[in-house]
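Trainee: So that we are looking at the same thing, I have put the structure below in structure tokens.
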Amino acid sequence: MRLLHTSDWHLGRSLHRADLRDAQAGFIDHLVETVRAEQVNVVLVSGDVYDRAIPPLDAVQLCEQAFVRIRDAGARVVVISGNHDSARRLGFSSPLIDSSGVYLRTQVSGCATPIEIDGVSFFAVPYLEPEAVRADLGDARGQVGVLTEALARVRAVAPPVAVVLAHAWVAGGAACDSERDLTVGGVSAVPPSLFDGFTYSALGHLHGPQVLRDGLRYSGSPLAYSFSEAAHTKGTWLVEVSDAGLGTVEFVPAPVPRRLSALRGTLDALLRDPSLAEQEQDYLSVVLTDQARPEEAMARLSRRFPHVLVLSHEPAGMASEIGSYAAAVSRLTDLEVAGAFVEHVRGTPASDGETALLSEAFEAQRIAG
């Protein structure tokens, strides 16, 4: 059996102000072509189908077209919800849709119920919001607790050859700026040992394609959704499984509709440097190092580089200080940043009660999507 592992489509997302609808449609075209060319039997979509809980209508239409076209190309589809999806909305009418060969799994109650396709058992473990599913999983706590319990239930019924889909941050995986943290003030990464014993585990959530071990992989997102993903090679994993277990796994690169690049220098240097001709059609993040902020910098840059999305000003000599601050902040949780802000503005640290209120607010915002 040939599987195609993909995830994190984030349909409906833009890149800063750039519209990515055509690029996302182009990826779906590529996906369907790959299914036909490689005679794929099952497409696995490991969560974050949409970018938000209530996606725009054109994103819903593109998703519907994708599933129909994949089925027409001869493959079935197994889909789980991610932390960006609304589990109830994505899973609507899933018992009826099963008969079409598209299996939507968004509830914890279905984790240990296999989807049997041509003799292979698939177990779909959607993103598990700890507070929402704790009562269903023996009062398990936190990301590690709920996923440990869910996978223990899967392992108890799984046959020797079993494929698992899961949406989680597994320790050892490298994150980037465009992924939403799964916890506030807690442990979000789970140990890879939770997936021991499964033939192949198709992971979603982290946007870079990664191999944690041969049968434990992230496919990553099909497009770059932040400049921190500029160096990623996007694509999908083509996986072979049989009665003997895991066979070959090959990476299938996805099309790159437009590269992402970062430029740094004075405005005049960037406008005149002939070596930058290759970046003229890229999506750009630009840092200007002029001592004074140039007038009409964006308009002047855009005449040569029409796809500048991010523009900032860091006068020469200040970059190290700014970089040090950014690096320091990047190591803090949202709750710690908020607490530091309170202390900076007021002159005294946030009290325990204020910290609890801030934590509740962040948690409510994260759950609401």
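The values are calculated or read from the model by the stated rules, or taken from the named source; none is laboratory data. Everything numeric here is computed off the predicted structure, so don't read it as measured data. Cβ coordinates were reconstructed from backbone atoms using ideal geometry, including for glycine residues, and neighbour counts include every protein chain displayed.
Trainee: Name the pairs: first residue in region 68-95 and more than 24 Å from Val32 (Cα to Cα), second residue among the β-branched types (Val, Ile, Thr), Cβ to Cβ under 8 Å, at least 6 apart or on different chains?
Mentor: Ser86/Ile54; Ala87/Thr106; Arg88/Thr106; Arg89/Ile54
Trainee: Something else about it: More than 14 Å from the chain's Cα centre (by Cα), aliphatic (A, V, I, L, M) and under 23 Å from Gln210 (Cα atoms): which single residue out of Leu20, Leu31, Leu11 fits that description?
Mentor: Leu31
Trainee: Just the residues that are among the basic types (Lys, Arg) and within 20 Å of Met1 (Cβ to Cβ), please, taken from region 55-110.
Mentor: Arg71, Arg76, Arg105
Trainee: Follow-up. Does Ser193 qualify as being of a type in the set (S, T, N, Q), crowded, with 21+ Cβ neighbours inside 10 Å and in the same structural domain as Ala132 (by TED's automatic domain parsing)?
Mentor: It is false that Ser193 is of a type in the set (S, T, N, Q), crowded, with 21+ Cβ neighbours inside 10 Å and in the same structural domain as Ala132 (by TED's automatic domain parsing).
Trainee: Yes or no: Arg134 crowded, with 16+ Cβ neighbours inside 10 Å and at pLDDT 95 or above?
Mentor: no
Trainee: Further, regarding this structure: Just need a number here: residues in region 218-245 that are of a type in the set (D, E, K, R) and either touching a His at 6+ places or on another chain (Cβ under 7 Å) or over 21 Å from His30 (Cα atoms) (or both).
Mentor: Qualifying residue count, region 218-245: 2.
Trainee: Taking the stated definitions as given, is Phe123 at negative phi, among the aromatic types (Phe, Trp, Tyr), assigned to a strand (DSSP E or B) and over 18 Å from the mean Cα position of the chain (by Cα)?
Mentor: yes
Trainee: A further question on this structure: Report yes if some residue within region 180-192 is closer than 28 Å to His307 by Cβ, touching a Cys at 6+ places or on another chain (Cβ under 7 Å), not in a strand (DSSP E or B) and not polar (S, T, N, Q); otherwise report no.
Mentor: No, region 180-192 has no match at all.
Trainee: Let me ask something additional. Being within 19 Å of Pro191 (Cβ to Cβ), of a type in the set (Val, Ile, Thr) and not in a loop (DSSP other than H, G, I, E, B), is that true of even one residue in region 156-163?
Mentor: Checked region 156-163: no residue is within 19 Å of Pro191 (Cβ to Cβ), of a type in the set (Val, Ile, Thr) and not in a loop (DSSP other than H, G, I, E, B).
Trainee: In addition: Only one of Arg21, Arg17, Arg69 is at pLDDT below 95 and assigned by TED's automatic domain parsing to the domain that holds Ser100. Can you tell me which?
Mentor: From the options Arg21, Arg17, Arg69, the qualifying one is Arg17.
Trainee: Please give the number of the condition Asp139 fails out of (1) in contact with a Ser or Thr (Cβ under 7 Å, 6 or more places away or on another chain); (2) in a loop (DSSP other than H, G, I, E, B).
Mentor: The one condition Asp139 does not meet is (1).
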